[in-house]
Structures are given as C-alpha cells and as structure tokens.
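Participant: Structure provided below as structure tokens; questions to follow.
The values are calculated or read from the model by the stated rules, or taken from the named source; none is laboratory data. This is a predicted model, so every value here is computed, not measured. Here the Cβ positions follow ideal geometry from the backbone for every residue, glycine too, while neighbour counts run over all protein chains shown. Please note that ligands, DNA and RNA were not included when accessible areas were found on the heavy atoms of the full protein model with its side chains. Shrake-Rupley method; radii C 1.70, N 1.55, O 1.52, S 1.80 Å.
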Amino acid sequence: MYYFLAIVLFIAAFSTYFTNVSSDFFDILSSTNPGGGGAFSTVGVGPTGIIVVASDLSGAYRSLDGGASWDAIGSFRGLTVTHVSGVGFNPLDASVIFLGTEEGIFKSVNFGDTFYNVLDQGYITDIKISKIDGLTGYAAYHSQFNMADGQVYKTTNGGESWSRVSNSTLPSNLHILKIVVDPRDKNRLYILAGEGRFACGPAVLYQSFDGGINWQRIASGVGQIIDMALDPHNPDVIYVTTYGDVWDPGYYCITDDPYGGYLYKGTFTGSWSWVQLTNASNLGSRNLIIWVDNDQPGTLRVIDTDSKELWESTNGGLNWSMIGDKYDWGTGWSIPEMTYSITFNGDSKTIATDPSDPDALIWVDSQFVYATRDDGRYFYPLHTSEVSPGKWRSTGIDNIVGFDVAISASSRYVYMALADVGCFRSDDYGNSWQNCNDLNYVGTWNGAGGNSITVATDPDRDNVVWITQSEEIETSHTLLRSYNYGSSWNPVGVGLGNGIPSGLTVDRNSPVNSRTMFITVDGDVYKSEDDGYSWSMVLNCNGCRFTAVDFHNSNVVYAGGEAGLWRSLNGGSLGSWIKIGLPEMEGTSTAFFLIDNDWEGVTSIRPDPSREGVVYVTALGSGKGVYKSLDFGNSWEKILTDNFARDIAISPLNPNHIFVATS
C-alpha cells in the first residue's frame, strides 16, 4: 500500500536501542523541525474541543489545547496501525474517542491516552455516535483500503462491539466518506459517498430512517454531490453542494458537470424537495464545502475548494459575500498558492466544527492543519508557529518523511532533506527552521515544497552544503551546491546519471577546497574530486544506495544497498571494489527503494569516528539488523536482530554510546 511505502521515518516514528546511556540524556531531547508535512486524511473535534487529526502513515495526532500543541497517538498508546482514515467522538462523553483504521476501529475511554481494538477488520472511513444516548453509533466499513464496497456497521453499546446492519438496499459500489446522524433520532442517518484517496464510487447521498438497515437514495437530481450538512436548528433541512468544473486531474470518478457547482437546500415534509441557493449572479458555479453556523440560525458558509475562498450568507443562502481567502489568512512557512487545499481522503472530510466553540472551524488539507476562531474571518496554521520573523518550529503535528539530515562544522546550521516539504535549514542549532528550496528545481511546488533525498555538509567549511532537489520523489533529481549556508544554490553534478540519488558522502580528509565525494544514482556509485561539480561512475553496483568513507583512512570507501555491502581500498576508484558483506545483508531489488515496503538490504553504513577500521551497518529485512566490524569489514558480528533497522549513530564523545533507529 502506497501510504506504507515512505517509511524512511527517523523523525515521525522510531524505536531506539542504546548501550550505557544515562536516562537523563533523554530528558533533554525534543522534537525539532518546521512542522506540517502530510498527508492528513481527516479531522474531528470532541465535545470539549479535543482535536484529533488522522494521518496516512504516522497514526493520529491529538491536541488538548485547541491546536496550540500536539502529541502523537501511536503504538505506545495502543494504536497498532499506522494509517488512520476516520475519527469519531461520543458527544455525551468527551473521554471517548474512536479511530477508524485499515484494521478496524480503536477506542479510547481516557481522552486518547490509550486505545484498544473494538473491531479488528475493515477500512473505516467515518464513525458517528448518536447524541440521544451515547450508545448507538455507526461506522463506514470497507473490506480494504482500495475497495468501493462500503457498508454500514452499528454499535448499541457505546462502541464496544460492532456488526453490519445495512442490507442490500445499500448499493455494493459505494466508497462512503461521511456519516451524519440526526440529533433528534438515533435511527435516522445519512451517508455521503464519493471519491477518496484510494477508492472511488458515485458521489451520492443516501438516507435510512430505521437505524441503518434499509436505505434510499435522495437528492438524485442535483448532480454529483461534494458535501452535505444538516441544519442544526432544523434537522429536516439538509444542504448539499455539487461538483461543477473539475480542475484536479486526480479525480477518477468525478467528471466535469456544466450544470453543477451549486449549493442546494433540501426540506423534508414527508418527502424531500430541493431548491438551488446559488447561481451565477451571486456565488457562481464552484466546488463547495459546507459550514452551517451552530449558533446563528440562517447563517451558513461555504468554502470554495478551487479558489480557496470563504463565502457567507446570513439570510439562509439567498445572498452571499466573500469574507476571506487564502491571501488574507496565515500560511505559516508556505505560500498562499500551496495552502488551504483539501484532504486526499475526500473533499467532505476536510473540515470539522468545534462543538465547544460555535465560532471555530478546523481545516485539514493534504499537508497542513488550520483553524479559525472568528467565524472564518481569519484562519491560521496549527502545525507551525513563528519563533521569530521568518523562522518556524513545529507545534508537534509532524507527519513528515525525513530522508536525511546534515549538521554543519560548527553545529549551528542544520539541514533536512524531506519528502514533499523539500529543503529546510536551521541557523540556530535546530531551534527554528527556514525554507531553503530552490524554486528552479521543484517545479509546481513554487519553492514552497519539493522533494529532497540526500544532503551533506562540509566537515570544515561551515558555509558549504550539498542537497538534491526535484519536483517528485520518483523523478530525476538535480544535485545543488551552496557556498552561503543554503541561502542560494547552484546546480552541480556534471556526469551524474539522470535518476534517483541517495547516500551523499564527503571525504573529510580530502582537500578542503576540492572535496572528494561519493553518491549513488539509481543504484550505481559515482565519485567526484572537485567539490561535487563533476562525477564519474566508479561502481556499476546495480543495487547500492548508501556510501561512507572511513573517518581516518580515505582509501577505505563503502557502498551498500539491496546488492549487499561493497568496499574499495583504493579511494573508491574504478575497478577497486569487492563485495564484503554477509549474504544476509543483501535484499530484493526494486526500481525505487525509498518508498517500497518490499525492499530489503543495507540501509546505512557508519564508520566509527573514534576508531579506524570499526564500521557499523544496518540492514532492513526479515532476520536482518545491525552488524559490527573491527577490521574494515573483513569479518562481522551481528549485534542486534531487528527486521526494520534503518540507521545507526555512534557518539563522537564515547564510542560505546550507540543509537539505532527502526521504522
């Protein structure tokens, strides 16, 4: 599954093994990065304002203070699944939270401190508990993450057990996005189906008046439905919006509709009647998400997902005015064009109202989290905070994939190579972060993101750094070099193959102004002797992804990947390489190893900074782990078995202090 593939996570989630390290050491550790990332799949808010954001690859995130700070919900809290696709709350008991996952439903009865599994199967996209008794609830169930075969499951004991309730009156080709339960009647509910990230079906609305058993399609004449909302002041009124022009090529089930793009009001008086509330003379033909005001009857708002505008009507939808757009709102470290979008898991799952604050709305898109506390006049980011002008730090919601980190000679400057977020740097020892993407090499990200896989700093020149950049992870990258701390970049890498780079290494003992460097591109090893400007292939490895040079002996160079471990005793020169690793270090070959969860092989090579000839290797795969050699790799001792070993670090102050990250 694609959302598992990018688990090169040494930031978002890791386990640590260590030897002879005082527990006091961990008291000084804190998360540091710019904040954000993605993808986020949906958001929910509990009756007392607890916010939960579902993540595609790092569990879920919880905020107890309105989004000012976040903590992670993962395996240490009992959530044993990394992909969360639905969020639910008990409206009568704020301590009860539900998470829908690709392996059923998890429940918490202590405000999200711990979770336990209450349904051990199914891909669950939404969960709703009735306000009537807090015991009756419904869940949107699919057999797998990529199947449009949605059915409705029900609980009558507060979510402790669940079973299918919908019968054959509910079509078998639906991908259910959202469930809405009538606040007056626990047996009256609605489901909205449509297109999500992994599966799609018709964008339609169904109702059940008998507790989810029998279903009937409603609003069939209005078009492809984007979103629906009950009027909290009169639940016999429903608002729905429809798709018009579909600008996003990512849609598969939704098509352009010249007669769509409108807001409709449905009124139930024994049957439904529908009236169009928007037309070309006021709001126009747009793709809209609905926000009905909880404390002001007749006030409703819609978010235009194309232009990122918020419109408001105070007279039941007859007249509209725009009250804000992406250019008026806070964007954090990004830019307006790259913010305030929609979630991958379905347009209607993008927003959630806050039951504890009628003026509040939480907005989650594919990368970021935002909030408004003034009825939409101003939105601001919840994923990052401005430490000082132009410098940012995460609030703790860190669904990012970090591929590499490099620290400058003085330790003051830190650089991160990230998926989607691209290049970020810190000039204050990691306390705050600045965007360092070069807009010339990240395409449609417009400099506000991109993809960087490997980064390296010069061991003596504090100002020199190299990084790779591209628009997409799985396309050819450009190697860039900076002589001014990453403030500006110039392309280098003449002679490198057009492909995916990784494992950039600088030989610290080479001439300071003309460094010897190594990198892999599409599994082959390249060498440069002129500060990274020009390169030549020195090992047709067909499966090397990482490189390393012994700290004390520049003649000893290592490379490894799915092709196992290789070594040169002649400075990495052509024809000097031999395979030295154990057979179990080898793995499977793949076109793109970084996001393939079937890939196995060497994931890091770390020479000991204190002892010549001592080198450690981590290898990913069944029965693999961490290996140590005392003689430049001639012989090996396995020191840790771990199927998911990703990286290792040796303390430069005490070589007995060793850290291993696993995914």
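Listed here are the residues, each with its yes/no results for (1) open to solvent by 10 Å² or more (accessible area, probe 1.4 Å); (2) within 23 Å of THR350 (Cβ to Cβ).
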{"site": "GLY37", "(1), (2)": "no, yes"}
{"site": "SER41", "(1), (2)": "no, yes"}
{"site": "VAL52", "(1), (2)": "no, yes"}
{"site": "LEU57", "(1), (2)": "yes, yes"}
{"site": "GLY67", "(1), (2)": "no, yes"}
{"site": "TRP70", "(1), (2)": "yes, yes"}
{"site": "GLY88", "(1), (2)": "no, yes"}
{"site": "TYR116", "(1), (2)": "yes, no"}
{"site": "TYR123", "(1), (2)": "no, yes"}
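Participant: Tell me yes or no: at least one residue of segment 446-456 is over 23 Å from SER554 (Cβ atoms), touching a residue at least 24 places away in the same chain (Cβ under 8 Å), among the hydroxyl-bearing types (Ser, Thr, Tyr) and buried (at least 22 other Cβ atoms within 10 Å of the Cβ).
Facilitator: yes
Participant: Condition first: in contact with a helix residue (DSSP H, G or I) (Cβ under 8 Å, 6 or more places away or on another chain) and either among the hydroxyl-bearing types (Ser, Thr, Tyr) or part of a loop (DSSP other than H, G, I, E, B) (or both). Can you find one or more residues in segment 343-352 that meet it?
Facilitator: yes
Participant: Scanning for something over 23 Å from GLY134 (Cα atoms) and assigned to a strand (DSSP E or B), does segment 174-184 turn up at least one residue?
Facilitator: Within segment 174-184, none of the residues are over 23 Å from GLY134 (Cα atoms) and assigned to a strand (DSSP E or B).
Participant: Could you grab me the full set of residues in segment 151-173 that are polar (S, T, N, Q), under 16 Å from ILE129 (Cα atoms) and open to solvent by 30 Å² or more (accessible area, probe 1.4 Å)? Don't jump to the end; show me each part of the working.
Facilitator: Going residue by residue through segment 151-173, those that are polar (S, T, N, Q) are 151, 155-157, 161, 163, 166-169, 172-173.
With under 16 Å from ILE129 (Cα atoms) added as a condition, the list becomes 155-157, 161, 163.
Matches in segment 151-173: THR156, ASN157, SER161, SER163.
Participant: Take segment 303-341 and flag every residue that is in contact with a strand residue (DSSP E or B) (Cβ under 9 Å, 6 or more places away or on another chain), outside any loop (DSSP other than H, G, I, E, B) and open to solvent by less than 50 Å² (accessible area, probe 1.4 Å).
Facilitator: ILE303, ASP304, GLU309, LEU310, TRP311, GLU312, SER313, ILE323, GLY324, ASP325, PRO336 - these are the residues of segment 303-341 that are in contact with a strand residue (DSSP E or B) (Cβ under 9 Å, 6 or more places away or on another chain), outside any loop (DSSP other than H, G, I, E, B) and open to solvent by less than 50 Å² (accessible area, probe 1.4 Å).
Participant: Pick from segment 90-114 the residues that are over 21 Å from the mean Cα position of the chain (by Cα) and surrounded by 21 or more Cβ atoms within 10 Å (Cβ to Cβ): which of them is farthest from TRP70 (Cα to Cα)? Spell out how you get there, then give the answer.
Facilitator: Taking segment 90-114 first, the residues over 21 Å from the mean Cα position of the chain (by Cα) are 90-97, 107-111, 113-114.
Add one more test, that the residue is surrounded by 21 or more Cβ atoms within 10 Å (Cβ to Cβ), and what stays is 90, 96-97, 107-108.
Numbers: ASN90: 21, VAL96: 18, ILE97: 16, LYS107: 19, SER108: 17 Å.
Among those that are over 21 Å from the mean Cα position of the chain (by Cα) and surrounded by 21 or more Cβ atoms within 10 Å (Cβ to Cβ), it is ASN90.
Participant: Please go through segment 548-587 and pick out each residue that is under 23 Å from LEU640 (Cα atoms), in a loop (DSSP other than H, G, I, E, B) and among the hydrophobic types (A, V, I, L, M, F, W, C).
Facilitator: If the condition is that a residue be under 23 Å from LEU640 (Cα atoms), in a loop (DSSP other than H, G, I, E, B) and among the hydrophobic types (A, V, I, L, M, F, W, C), then ALA563, ILE580, LEU582 are the ones that fit.
Participant: Something else about it: Without any contact (Cβ under 8 Å) to a residue 24 or more places away in the chain and over 16 Å from GLY503 (Cβ atoms): which single residue out of SER432, SER411, SER426 fits that description?
Facilitator: SER411
Participant: Can I ask one more? For segment 223-237, check the following and say yes or no: at least one residue is at pLDDT below 95, surrounded by fewer than 22 Cβ atoms within 10 Å (Cβ to Cβ) and out of contact with any Pro (no Cβ under 8 Å at 6 or more places or on another chain).
Facilitator: Taking every residue of segment 223-237 in turn, at least one turns out to be at pLDDT below 95, surrounded by fewer than 22 Cβ atoms within 10 Å (Cβ to Cβ) and out of contact with any Pro (no Cβ under 8 Å at 6 or more places or on another chain).
Participant: Can you name every residue in segment 387-428 that is under 21 Å from VAL53 (Cβ atoms), small (Gly, Ala, Ser) and in a loop (DSSP other than H, G, I, E, B)?
Facilitator: Within segment 387-428, GLY396, ALA419 meet the criteria.
Participant: Which ones in segment 629-663 are within 28 Å of ALA409 (Cβ to Cβ), modelled with pLDDT of 95 or more and open to solvent by 50 Å² or more (accessible area, probe 1.4 Å)?
Facilitator: Across segment 629-663, the qualifying residue is only PHE632.
Participant: On to the next question. For segment 200-222, which residues satisfy the criterion of being among the aliphatic types (A, V, I, L, M), surrounded by fewer than 22 Cβ atoms within 10 Å (Cβ to Cβ) and in a loop (DSSP other than H, G, I, E, B)?
Facilitator: Hits for segment 200-222 are VAL204, ILE213, ALA219, VAL222.
Participant: Okay, next question. Restricting attention to segment 511-546, which residues are open to solvent by 10 Å² or more (accessible area, probe 1.4 Å) and of a type in the set (Ser, Thr, Tyr)?
Facilitator: Across segment 511-546, the qualifying residues are SER514, THR516, TYR526, TYR533, SER534, SER536.
Participant: Could you check, for segment 129-139, whether at least one of its residues is without any contact (Cβ under 8 Å) to a residue 24 or more places away in the chain and buried (at least 16 other Cβ atoms within 10 Å of the Cβ)?
Facilitator: Looking through segment 129-139, at least one residue is without any contact (Cβ under 8 Å) to a residue 24 or more places away in the chain and buried (at least 16 other Cβ atoms within 10 Å of the Cβ).
Participant: For PHE76, are the conditions met, namely being surrounded by fewer than 17 Cβ atoms within 10 Å (Cβ to Cβ), among the aromatic types (Phe, Trp, Tyr) and on the phi > 0 side of the Ramachandran plot?
Facilitator: It is false that PHE76 is surrounded by fewer than 17 Cβ atoms within 10 Å (Cβ to Cβ), among the aromatic types (Phe, Trp, Tyr) and on the phi > 0 side of the Ramachandran plot.
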